[in-house]
Amino acid sequence: MDLNTITTVAHPQTRTQLPVWTPGDAWLAGGTWLFSEPQIHLTRLIDLTDLKWPALTITDSHLIIAATCTVAQLDGLACPADWLVAPLISQCCRAFLASFKVWKTATVGGNICMSLPAGPMISLTSALDGVCTIWKAGGGEQKIPVAGFVTGNQRNRLAPGDLLRQIDIPLAALKRRPAFRQISLAPVGRSAVLLIGSLDADGTLTLSVTASTVRPIQLSFSTPPDASALRAAIEQQIADELYHTDIHGKSLWRKHMTLRLAEEIRGELLDTTRP
């Protein structure tokens, strides 16, 4: 899609070169959504490419994912042997159901900032206790857990001119035993329910609910719940109005499948701990 209202494209190479944000501006990273439909309210693009952020960095404590890291780069990460969640990364990347062209261009940060319920990078990073680093428009930084960054369907905590810099994933979260469940109404369709469970070494069971809800919901159990306790916790912590409704699934069906798939995850993870 040609964006024929754009009059300027800025190419900052450092944070100090970022232009002052004005109405009509938009950040440009992958641009797979930006160029997919008319954007008649935009007059300037601020291209983040020349900032040259390293896509993926592994430190002693975290995996750092740059907001400009592409889906293909994340999927191609060579994970250490003790990262039990390695298959989960691939599963979430493939939840895009996108062509290789999109994979090589779409960014992790762009998917999170779009804040769609079905955003698989939201599912992945929130389930792994990811924390966003936000460059504030007025200077300074703000750190927000991904689970709290997305506040609703296409809503998040970015103020005008704020920029998502990176997502930090603690290495401890990458060593949990994971379980993944996803369902769509169509064989090849947008996720209607995407649940990720994980079991920590101390026996803590964590369940992350996305796609079926307008924002990520996390539940944690310090002791293994039985089926009734899990169902009760979901029904108590996820109000009916938080379930999403659109052409990809009604809220009642999404709630039903959330309960069903959560029980499957509970069974899978807790069975692995039995002698």
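The values are calculated or read from the model by the stated rules, or taken from the named source; none is laboratory data. The shown structure was predicted, so the numbers you read here are calculated from the model rather than taken from an experiment. Methodologically, a virtual Cβ is constructed for each residue, glycine included, from the backbone with ideal geometry; neighbour enumeration extends over all protein chains shown. To get the accessible areas, we keep the full protein, side chains included, count just its heavy atoms, and leave off ligands, DNA and RNA. Shrake-Rupley method; radii C 1.70, N 1.55, O 1.52, S 1.80 Å.
The table that follows gives values for the structure above.
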| read-out | value |
| --- | --- |
| Of the DSSP H helices in the chain, those whose Cα atoms cover at least 20 Å axially and whose Kyte score averages 1.6 or more | none |
| Distant-in-sequence amide H partners of Gly130 (H built 1.01 Å from N, under 5 Å) | Val146 |
| Given Lys52/Lys143; Lys136/Lys255; Lys136/Lys250, the pairs whose alpha carbons are separated by over 31 Å | Lys136/Lys255; Lys136/Lys250 |
| Leading residue at positive end of dipole, the chain (Cβ point charges), from Leu45, Gly152, Leu269 | Leu45 |
| Quarter of Cα convex hull surface for the chain, i.e. mean projection, nm² | 15.3 nm² |
| Computed magnitude of the charge dipole of the chain (debye, nearest 20; Cβ of K, R +1, Cβ of D, E -1) | 220 debye |
| Accessible surface, per residue, of region 73-196 when the full set of protein chains is kept, probe 1.4 Å, Å² | 40 Å² |
| Binned Cα-Cα distances of region 99-187, short to long, each 5 Å bin given as a whole percent | 3, 13, 22, 22, 20, 13, 5, 2, 1, 0 |
| Size of charge dipole - region 118-275 - debye, nearest 20, with Cβ of Lys, Arg +1 and Asp, Glu -1, no other charges | 280 debye |
| Region 182-249: proportion of alpha-carbon pairs further apart than 19 angstrom, % | 39 percent |
| Loop-resident sites, region 139-192, for trypsin sites (Lys or Arg not before Pro), counting at most 14 other Cβ within 10 Å (DSSP) | Arg157 |
| By average C-beta atoms within 10 angstrom, highest first, the peptides 33-45, 116-128, 55-67 | 116-128, 55-67, 33-45 |
| Distance between modelled label sites at Ala81 and Thr43, nm, 7 Å Cα→Cβ extension | 5.9 nm |
| Binned Cα-Cα distances of region 1-145, short to long, each 5 Å bin given as a whole percent | 2, 8, 17, 22, 20, 16, 10, 4, 2, 0 |
| MRE, 222 nm, helices only [DSSP H, n ≥ 4, -39500 (n - 2.57), over the chain, to nearest 500] | -7000 deg cm²/dmol |
| Protein accessible area in region 1-75, 1.4 Å probe - carbon and sulfur % | 55 percent |
